[in-house]
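Chemist: Sharing a structure with you now.
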Amino acid sequence: MCPVCGYTKLDEPAYDEKGCASFMICPCCGTEFGYDDSTTRHGELRKRWVDAGMKWWSTSLHPPADWNPETQLKNIFSEKA
């Protein structure tokens with residue numbers, strides 16, 4: 001799951017069990033793990049994405065048909081509960 005936007009269909013985890021970044025880019029919010037979040041906290045990246053309108057980032061991979069960014073964000077908070 002993307003720790004920034006809660007997207008659950010990543011090809012691989014953002015970070016492995018040792019905490020090493022995949023350097024993959026989330027197709028939903030555009031965060032590159034290990035790069036964008038190396039200097040900016042996930043919460044701040046999330047706020048920027050939300051403030052920008054929670055738009056789907058990728059132009060080559062389309063969002064799932066039932067994609068709802070507000071519902072997706074709940075993934076982050078339910079995992080921390």
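Chemist: What is the Cα radius of gyration of the chain over 2.2 N^0.38 Å, N being its residue count? Each step should come with its number before you reach the end.
Modeler: On the way: Rg = 11.9 Å, N = 81, 2.2 N^0.38 = 11.7 Å.
Normalised Cα radius of gyration, the chain: 1.02.
Chemist: Only helical DSSP H runs with n ≥ 4 go in: add -39500 (n - 2.57) per run for the chain, normalise by residue count and round the 222 nm mean residue ellipticity to 500 deg cm²/dmol.
Modeler: Theoretical 222 nm ellipticity from helices: -9000 deg cm²/dmol.
Chemist: Relative contact order (percent) for the chain, with alpha-carbon contacts under 8 angstrom and 6 or more residues of separation?
Modeler: Relative contact order of the chain: 32 percent.
Chemist: What nm distance separates the two modelled labels at residue 68 and residue 22, each placed 7 Å from Cα along Cα→Cβ?
Modeler: 2.5
Chemist: What is the sum of charges, Lys and Arg at +1 and Asp and Glu at -1, for the other residues whose Cβ falls under 12 Å from the Cβ of residue 40?
Modeler: 0
Chemist: For the peptides 70-77, 27-34, what is the packing order when you average, over each peptide's residues, the other Cβ atoms within 10 Å and list the highest mean first? Don't skip to the end; give the middle numbers.
Modeler: On the way: 70-77: 14.0, 27-34: 20.9.
Sorting 70-77, 27-34 by mean packing, highest first, produces 27-34, 70-77.
Every read-out reported here was derived from the displayed coordinates using simple, explicitly stated rules and does not represent laboratory data. Computed from a predicted structure; not experimentally measured. When we count neighbours, we look across all protein chains shown, and the Cβ atoms used for this are built from the backbone with ideal geometry, even at glycine.
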